[in-house]
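This report refers to the structure that appears directly beneath it.
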Amino acid sequence: MLTTDVENYPGFPQGILGPDLMQLFRKQAERFGAEILNEDVTLVNLKSRPFAITADGKSYQTQSVIIATGAEAQWLNLENEQRLIGRGVSSCAPCDAFFFKDKKVVVVGGGDSAMEEALTLTKFATEVAIIHRRDQFRASKIMFDRTKANKKISFILNSEVVDVLGKDKVEGVKVKDVKTGKEKDIAVDGMFLAIGHKPLSDIFKGHIELDEMGYVRRIPQGDGPGKFQMTTSVEGVFVAGDVHDYHFRQAVTAAGYGSMAALEAEKWIESQE
């Protein structure tokens, strides 16, 4: 929903706007009888069946649940940054790098993800600058060395982005030196955030097993070819998409996981007589 042009989802050779793609997904699901409620889930009880899901004050009883709440990118929470998401501000180089062919961009971050984003962007952009608020990187040595060896990539250290410039699209960033306090404007066409993602899993704490980063743990159940792959620590609760997958984070992989979870949930319900 936060993406403007989606160019890497199968079946749309001319690309499609993110919200339009979501609307098509919704219409297709409704065509087959899915009931969609625009309500926020505020409480879950997964400790006994039937499970209870509370949304907007109403409780829903169910034999099975698929958790597909996703993950959200960590942002700098600058006013202009939020306004220009999808207009030059992005959190996904594999999704949006193509739009910055022959342009200048910056990547904000200091971990492996920032290095990966920068390397991906060099396939299209002419210049990529990595902005990091320290002078040491959290990234692994192999990723940092690979990034450092790329002639398109430069580093702006001990610095942080304090503003994003541009009216209708990104035209630059204002960078502050954290040691001296001096600020300077850098003309760029895009800014990529690589400061981490946060899985939207807080509501499930204490009900299912989460990993140390808060992602839902996938715990395969059963034996042989019939083993369920999208199961969690609670029987009957399945998971799909970015709320468990912090590696790929692509719409197409999330859709694949969704299909697997739905098929397994159906098979599990049938097995419960």
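From the list VAL243, VAL234, pick out the single residue that is within 22 Å of ASN77 (Cα to Cα), assigned to a loop (DSSP other than H, G, I, E, B) and not assigned by TED's automatic domain parsing to the domain that holds VAL89. Just a single option satisfies the conditions, and that option is VAL243.
Out of the residues in segment 5-56 that are aliphatic (A, V, I, L, M) and closer than 25 Å to ILE85 by Cβ, which is farthest from the chain's Cα centre (by Cα)? Break it down into steps so the answer makes sense when it comes.
Our first condition is that a residue be aliphatic (A, V, I, L, M); within segment 5-56, this holds for 6, 16-17, 21-22, 24, 29, 34, 36-37, 41, 43-44, 46, 52-53, 55.
Still in the list and also closer than 25 Å to ILE85 by Cβ: 6, 16-17, 21-22, 24, 36, 41.
Details: VAL6: 14, ILE16: 18, LEU17: 17, LEU21: 16, MET22: 15, LEU24: 20, ILE36: 22, VAL41: 20 Å.
For segment 5-56, the residue satisfying everything is ILE36.
Residues in segment 125-143 that are surrounded by fewer than 18 Cβ atoms within 10 Å (Cβ to Cβ) and more than 21 Å from the chain's Cα centre (by Cα): THR126, GLU127, ARG133, ARG134, ASP135, GLN136, SER140, LYS141, ILE142. Quick one: which residue in ARG133, ARG87 is within 16 Å of GLY196 (Cα to Cα) and in contact with an Asp or Glu (Cβ under 7 Å, 6 or more places away or on another chain)? After applying the criteria, what remains is ARG133.
Kindly indicate the residue of segment 223-236 that is among the hydroxyl-bearing types (Ser, Thr, Tyr) and free of Cβ contacts under 8 Å to residues at least 60 places away in the same chain and also surrounded by the most Cβ atoms within 10 Å (Cβ to Cβ) among those meeting that condition.
Residues of segment 223-236 that are among the hydroxyl-bearing types (Ser, Thr, Tyr), as a first pass: 231-233.
Next, from what is left, pick out any that are free of Cβ contacts under 8 Å to residues at least 60 places away in the same chain: 231, 233.
Numbers: THR231: 22, SER233: 15.
Checking each candidate, the answer is THR231.
Residue under question is ILE142, and the condition is that it be touching a strand residue (DSSP E or B) at 6+ places or on another chain (Cβ under 9 Å) and farther than 14 Å from MET191 by Cα; does it hold? For ILE142, the condition - touching a strand residue (DSSP E or B) at 6+ places or on another chain (Cβ under 9 Å) and farther than 14 Å from MET191 by Cα - is not met.
Take the conditions (1) under 14 Å from the mean Cα position of the chain (by Cα); (2) modelled with pLDDT of 95 or more; (3) more than 27 Å from ASP40 (Cα to Cα); ASP102 misses just one of them, which is (1). Take the conditions in contact with a Phe, Trp or Tyr (Cβ under 6 Å, 6 or more places away or on another chain) and more than 30 Å from TRP268 (Cα to Cα) and apply them to GLY172. Does it pass? Judged against the criteria, GLY172 is not a match.
The values are calculated or read from the model by the stated rules, or taken from the named source; none is laboratory data. Computed from a predicted structure; not experimentally measured. Positions of Cβ are generated from backbone atoms using ideal geometry, with glycine treated the same way; all protein chains shown enter the neighbour counts.
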